[in-house]
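The values are calculated or read from the model by the stated rules, or taken from the named source; none is laboratory data. Predicted model, so just to flag it, every value in this text is computed and none were measured. FYI the Cβ positions are ideal-geometry reconstructions off the backbone, even for glycines, and counts take in every protein chain you see.
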Amino acid sequence: MLNLVPRQAVSAAQVLRRALEWPGRVAAARRTMSQLARMSDYELRDIGLTAQDVADASALPLDADPTALFVRRRAARERSGPDLSARKAA
């Protein structure tokens with residue numbers, strides 16, 4: 001099969017596309033983090049997060065996706081069982 005586009009050109013195009021999309025990804029991540037930061041402890045607890053999770057995620061690099069951090073934290077809390085102190089405080 002005849003390959004009309006060299007691999008280096010395709011790779012360069014992918015790198016260029018990622019570079020051009022980066023500001024949009026960062027802006028979307030900042031909007032999401034801003035929304036999470038405005039949530040109350042009750043709202044965060046409802047989705048399985050804490051204010052500390054949000055603070056830790058905000059310390060990640062700008063282009064890092066905090067999803068993996070949130071998933072790990074939530075899974076760890078689910079494995080450890082219910083937090084009775086949160087129920088008593090509510």
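Out of all the residues in the range 1-31, which are within 22 Å of Arg72 (Cα to Cα) and loosely packed, with under 13 Cβ neighbours inside 10 Å?
Residues satisfying the conditions are Ala28, Arg30, Arg31.
Looking at the range 49-63, which of its residues are in contact with a Phe, Trp or Tyr (Cβ under 8 Å, 6 or more places away or on another chain) and outside any helix (DSSP H, G or I)?
Leu49, Asp63 - these are the residues of the range 49-63 that are in contact with a Phe, Trp or Tyr (Cβ under 8 Å, 6 or more places away or on another chain) and outside any helix (DSSP H, G or I).
When the range 44-78 is examined, which residues are found to be farther than 26 Å from Gly24 by Cα, surrounded by 11 or more Cβ atoms within 10 Å (Cβ to Cβ) and out of contact with any helix residue (DSSP H, G or I) (no Cβ under 9 Å at 6 or more places or on another chain)?
Once the filter is applied, which keeps residues that are farther than 26 Å from Gly24 by Cα, surrounded by 11 or more Cβ atoms within 10 Å (Cβ to Cβ) and out of contact with any helix residue (DSSP H, G or I) (no Cβ under 9 Å at 6 or more places or on another chain), the range 44-78 yields Ala75, Arg77.
Quick check on the range 64-90: of everything there that is part of a loop (DSSP other than H, G, I, E, B) and not aliphatic (A, V, I, L, M), which residue is modelled with the lowest pLDDT?
Asp83
If a residue must be under 28 Å from Glu21 (Cα atoms), of a type outside the set (A, V, I, L, M, F, W, C) and either in contact (Cβ under 8 Å) with a residue 12 or more places away in the chain or in contact with a Phe, Trp or Tyr (Cβ under 8 Å, 6 or more places away or on another chain) (or both), how many such residues does the range 64-83 contain?
Going through the range 64-83 one residue at a time, the tally reaches 2.
Can you tell me which condition Arg45 does not meet? The list is (1) farther than 28 Å from Glu78 by Cβ; (2) in a helix (DSSP H, G or I), and all the others hold.
Condition (1) is where Arg45 drops out.
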